[in-house]
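The structure appears below as structure tokens.
The values are calculated or read from the model by the stated rules, or taken from the named source; none is laboratory data. Keep in mind the model is a prediction, meaning the values are calculated, not measured. FYI the Cβ positions are ideal-geometry reconstructions off the backbone, even for glycines, and counts take in every protein chain you see.
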Amino acid sequence: MNEEQTARLFELADLILAVGRHIGASKESEVESGTPLEGAVMRYIDRHPGTTAGEAAEATQLISSNFARAVRRLEQAGLVRRDADQHDGRRVLLFPTEKAQENLQRLRAVWSRLLEEAVTDSDEIDTVISTLRTIETRLVARTRPEGR
């Protein structure tokens with residue numbers, strides 16, 4: 001990789017972090033938010049209801065003790081519920097609660113209001129979403145062992 005490409009990729013990462021900080025800071029008191037770690041766990045469980053703790057811990061790249069602590073806090077906040085796996089009694093499945101869904105709707109409204117003036121072109125929004133999804137998918141794939 002040449003110096004120009006290195007500089008461009010650094011700028012991309014820096015901008016992603018800066019935008020993320022602005023978005024994260026915009027949460028209103030009506031939205032329950034925990035730590036960034038809890039947010040990552042909640043995001044995964046919301047997008048993959050019925051996931052196992054092991055799958056979610058691997059996907060969020062958390063060591064089991066940190067993951068368990070985050071799930072425990074989310075459960076205490078009423079945002080996650082644990083159900084026994086009907087097919088394997090040793091496994092526990094994680095689901096977002098109705099309260100989590102309501103919280104997500106409030107968060108969706110807050111973040112949409114924040115961005116509606118910053119990004120107004122629908123095609124531009126679609127392009128950015130597509131690009132960021134591709135980046136996320138590739139980064140996640142790099143962290144997983146081969147063949148998974």
Q: Would you point out the residue of the range 94-106, among those that are among the hydrophobic types (A, V, I, L, M, F, W, C) and assigned to a strand (DSSP E or B), that is surrounded by the most Cβ atoms within 10 Å (Cβ to Cβ)?
A: L94
Q: Report yes if some residue within the range 30-38 is loosely packed, with under 14 Cβ neighbours inside 10 Å and modelled with pLDDT of 90 or more; otherwise report no.
A: no
**Q.** Matching option when the condition is in contact with a strand residue (DSSP E or B) (Cβ under 9 Å, 6 or more places away or on another chain) and at pLDDT 90 or above, among L115, L93
**A.** L93
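R21: charged (D, E, K, R) and over 21 Å from S112 (Cα atoms), yes or no? So that I can check it myself, show each step before the final result.
Values: charged (D, E, K, R): yes; over 21 Å from S112 (Cα atoms): no.
No: the conditions fail for R21.
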Q: Tell me which residues, restricted to the range 74-94, are more than 15 Å from G34 (Cβ to Cβ) and among the acidic types (D, E).
A: D83, D85, D88
Q.
Looking at Q61, Q76, can you tell me which residue is over 22 Å from R108 (Cβ atoms), loosely packed, with under 14 Cβ neighbours inside 10 Å and modelled with pLDDT under 90?
A. Q61
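Taking A109, is it in a helix (DSSP H, G or I), crowded, with 17+ Cβ neighbours inside 10 Å and either of a type outside the set (F, W, Y) or on the phi < 0 side of the Ramachandran plot (or both)? Step through it out loud before you land on a result.
Numbers: in a helix (DSSP H, G or I): yes; crowded, with 17+ Cβ neighbours inside 10 Å: no; either of a type outside the set (F, W, Y) or on the phi < 0 side of the Ramachandran plot (or both): yes.
No.
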Q | Which numbered condition A56 fails, given (1) surrounded by 13 or more Cβ atoms within 10 Å (Cβ to Cβ); (2) among the aliphatic types (A, V, I, L, M); (3) over 15 Å from the mean Cα position of the chain (by Cα) | A | (3)
Q: Could you run through the range 95-130 and say how many residues are within 17 Å of E32 (Cβ to Cβ) and small (G, A, S)?
A: 2
Q. Taking only pairs six or more apart or across chains, which ones have beta-carbon atoms under 6 Å, a first residue in the range 113-137 that is closer than 19 Å to A25 by Cβ, and a second residue that is surrounded by 11 or more Cβ atoms within 10 Å (Cβ to Cβ)?
A. L114/S26; V119/I125
